[in-house]
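A quick write-up on the structure given underneath.
Rule-based calculations on the coordinates, nothing more; no lab input. None of these values were measured; they are calculated from a predicted model. Don't worry about glycine lacking a Cβ; one is built from the backbone with ideal geometry, like all the others, and counts go over all protein chains shown.
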Amino acid sequence: MTFVDPATYLQLLGLVQNSIIAAAVLGIVGGLIGVFVMQRDMAFAVHGISELSFAGAAAALLLGINVVAGSIVGSLIAAALIGVLGAKARDRNSIIGVLMPFGLGLGILFLALYPGRSGNKFGLLTGQIISVDLPQLGLLIAISIVVLVSLLVVWRPLTFDSLDPEVASARGVPSRALSFVFMTLLGLTVAVSVQIIGALLVLALLVTPAAAALRVSSSPVLVPVLSMIFGFVSAVGGILLAIGGSLPISPYITTISFAIYLVCRLVGSRAKVAR
Amino acid sequence: MTPSEALPDPAPVLSIRGGALGFGDRALWSGLDLDVSQGEFIAVLGGNGTGKTSLLRAMLGEQKLDSGEVLVDGHPAHRGHRRMGYIPQQKIVAPGTPLRGRDLVMLGVNGQRFGPPITTRDDRAAVDALLTAVGAETFADRPLGSLSGGEQQRLRVAQALADDPKLLLCDEPLMSLDLQHQRAVSELIDRRRQQHGTAVVFVTHDINPVLSMVDRVLYLAQGRFTIGTPDEVLRDDVLSRLYGTPVEVFRSRGRVVVVGAPEAEHHHEVIA
C-alpha cells in the first residue's frame, strides 16, 4: 500500500469533496436511525433490506436507468414486505431469512447479465462512493436530509412506541403508522448506504455506531448524539484514509466503526465494574 | 378537603352499558353494566381467561366490544384519552435499553407529542413533580433495567399520573412484586385516589394487597359476573352460585382465600 504525497492528497480531496459530504450526512443519519434499529431489534432487517436494495440497483444498472432510484425501489419493496408480513419478531426473522438470499441472487444475476465495466459490479456490494456521479451524490444527500428531518419529527412518539409499546398505544401513539414511517425511512437510509459502503457492509453504519453508543450510555440524549458522532467519524474518516491509498473505502469505514465499538465495550464494562 | 370532595361530580367517570365480549363461540361476559364514580376503587377479579384484561383493554379503547358501549368521562372510550392513566404490569426491561427512570416518566409527559424532540422546562418540572409524588427521586437517574420491580412500578404510577387523570386503569400492577413493594405501590395509587378523587379500576388475580382500599369488586367467572362490595361478593354462597359449584371463602387476619374454584386458577389463593 502506498500513500500519495500531501499535495496530491489535497488535490484528491478536492475531487472527492462531494463524496465526503454525502458520507458525512449518511454517517449522521445512519447513527441516528441506528438507535431505533437497535431499540426495535431490527439489525437483521437492515441486512435483508440491503440485499434487495442491491438487487434493485443491479437491475437499474442492467437497464441503464438511475442506480440510486433502483436501489430505493428495491429497499422500499423489502421494507414494505418486512413491515407488512413481519409484525412479530419471529415472523420477521424468517421472512428476512427468505428474502435475503433471493435478493442477493437476483442482484448477482443482473450483474452477470450486465455487459459494462466490472468495477461497477462489485461496487454495489462493497462500496463505490468515489464512482458515484455528481447529480446522484446530490440525490443521496437530499434523501439523507429528508430522512434526518422526518426522524426528528417522529422522534418522541417513535421512541415511546419502540421502548414502551403498550403504554404508548394506550396514550394514543399511532403505532402502525409509525412503524410504516420508520420502515420507509429505514429503506431510504439503506438505499443511500448501499451506494456509499456497499450492500454487504451497510450494518457498519446503521447498527455498529448505535450498538457502540448503547455500551457506554443509557441516556436518551447521549446515545443518539454519540451514535451520530461515531457514524460520522467512521464514514468521513474512512474516506479520508482511503483516498491516500489504493485500497477501497469500505474496509476503512468498517474497521473504524468496529474499533469504536471495541473501545466502547471496554469503557462500558469498566464503568460497570466501577459502579 | 379538596374542592372535588366538597362538590362531588354526579356523572360517572366510567360507565359500561350492556357490555358483551367473547372469542369465537365462547362468551367472556355479557350484559355488563358498571358505573364507576369519582374516587371509587373497583377491583376486577377473576382467573385466567375470564376476560379481565380484555375488559381493561375495552376501557382503554383498544378492544371493541361485541355489543354495548364504554363511556369514559361521558364519551366513547378511545385510545389516548387525555384524562385516563394506564399502569401495566411490571415487565423485564431488556439490558441496554436507553431509558433511565426519569425518561420513562418523561415518555408519559411528552412521549406522544410529534415535533422536534426538545424537552421544555415545563416538561422537566412536570417530571420532577411526578417523581417527588411517588418518592422516586433517589433512583430516577439510574437505568430502568437496573431498578427493582417495585421501583419500576413506582415510576409507572408517576408515568400514568402525567396528565392528571380522572381514571386510573391498572392491569396487575403488583404482579411479581414482593409484599413490601405491593403495599407501597398500592398505597401510592390509593393516596392519589383519596387526594384527587381519581377513580381506580384495578385488575388483579389477588385482591389481598388492596382489600382494605376496594369499594366494589367485579368478579368474573364462568362467563358470568357479579358486582358488589367485597363483603357482598366474597362469600361462599355468592361465589358458589357464580362458579356453579361449591366454593369456600376463608377470611383470616384481613386476608381472603377462595378455595375450590373449578378453573385451574389460583386467584387470591395466596399463601400468606
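Across peptide B:94-103, the mean count of Cβ atoms from other chains lying within 10 Å of each residue's own Cβ comes to 6. Across the range B:157-166, computed HN-Hα scalar couplings (Karplus, 6.51 cos²θ - 1.76 cosθ + 1.60, θ = phi - 60°) run 4, 4, 4, 6, 8, 3, 9, 6, x, 8 Hz from first to last residue, x flagging Gly and Pro. The A:Leu113 and B:Ala94 beta-carbon pair, evaluated with R₀ = 56 Å, returns a calculated FRET efficiency of approximately 0.80.
Across the range A:249-261, coupling constants 3J(HN,Hα) worked out from phi with the 6.51/-1.76/1.60 Karplus curve, θ = phi - 60°, read 6, 3, x, 5, 4, 5, 5, 4, 5, 5, 4, 4, 4 Hz, and Gly and Pro carry x.
The stretch between A:Asn93 and A:Ile21 holds 22.5 nm of extra length on full extension. This uses 0.36 nm per residue minus the Cα-Cα distance. Taking 0.36 nm per residue of separation and subtracting the Cα-Cα distance, full extension of the segment from B:Asp178 to B:Arg83 would add 31.2 nm. Remark: B:Ser67, A:Ser227 ranked as B:Ser67, A:Ser227, counting other beta-carbon atoms within 10 Å and listing the fewest first.
When shorter helices are ignored and each DSSP H run of at least 4 residues is given -39500 (n - 2.57), the per-residue value for chain B at 222 nm works out to -8500 deg cm²/dmol. What the phi angles of the range A:100-105 give under the Karplus curve with 6.51, -1.76 and 1.60, with θ = phi - 60°, is a coupling list of 4, x, 5, x, 4, x Hz, glycine and proline written as x. Less than 16 Å from a label point 7 Å out along the Cα-to-Cβ axis of B:Ala20: which backbone N atoms in the range B:33-67 qualify, by residue? Within reach of a label on B:Ala20: B:33-34, B:64-67. With unit charges on the beta carbons (Lys and Arg positive, Asp and Glu negative) and the dipole taken about the Cα centre of chain B, which residue among B:Gly68, B:Leu155, B:Thr204 sits farthest to the positive side? Checking the options against the dipole of chain B, the answer is B:Leu155. Across B:Thr138, B:Thr53, B:Thr226, mean-square fluctuation computed from a Gaussian network of chain B (C-alpha pairs under 10 Å connected) peaks at B:Thr138. Counting only other chain Cβ atoms within 10 Å of each residue's Cβ, the peptide A:159-165 averages 6. Shape call for the range B:93-162 from the C-alpha gyration tensor, a ≥ b ≥ c root eigenvalues: rounded (a/c under 1.5), prolate (a/b greater than b/c) or oblate? Oblate, because a/c is 1.5 or more while a/b does not exceed b/c. The mean count of C-beta atoms from other chains within 10 Å of the C-beta of residues in A:90-100, rounded to a whole number, is 0.
Computed extension length for A:Phe102-A:Leu266: 55.3 nm, one decimal, from 0.36 nm per residue of separation with the Cα-Cα distance subtracted.
Evaluated at q = 0.06, 0.12 Å⁻¹, a Debye calculation over the C-alpha positions of the protein assembly as shown (equal weights, vacuum) places log10 I(q)/I(0) at -0.39, -1.08.
P(r) tail, the range A:6-274: Cα-Cα pairs separated by more than 22 Å, 54% of all pairs. With a cut-off of 19 Å on the backbone N, the residues of the range B:64-98 near the modelled label site 7 Å out from B:Thr120 along Cα-Cβ are B:82-83. Counting only DSSP H runs of at least 4 residues, each contributing -39500 (n - 2.57), and dividing by the residue count of chain A, the helix-based mean residue ellipticity at 222 nm comes to -27500 deg cm²/dmol. Projected label points at A:Val149 and A:Asp41, each 7 Å from Cα along the beta carbon direction, are separated by 3.5 nanometres.
For the pair B:Asp163 and A:Asp133, a Förster radius of 56 Å applied to the C-beta separation gives a FRET efficiency near 0.60, rounded to the nearest 0.05. Peptide packing: for B:121-131, A:156-166, the average count of neighbouring Cβ atoms within 10 Å per residue gives the ranking A:156-166, B:121-131, highest mean first.
Among B:His181, B:His81, sorting on how many other beta-carbon atoms sit within 10 Å of each Cβ, with the fewest leading, yields B:His181, B:His81.
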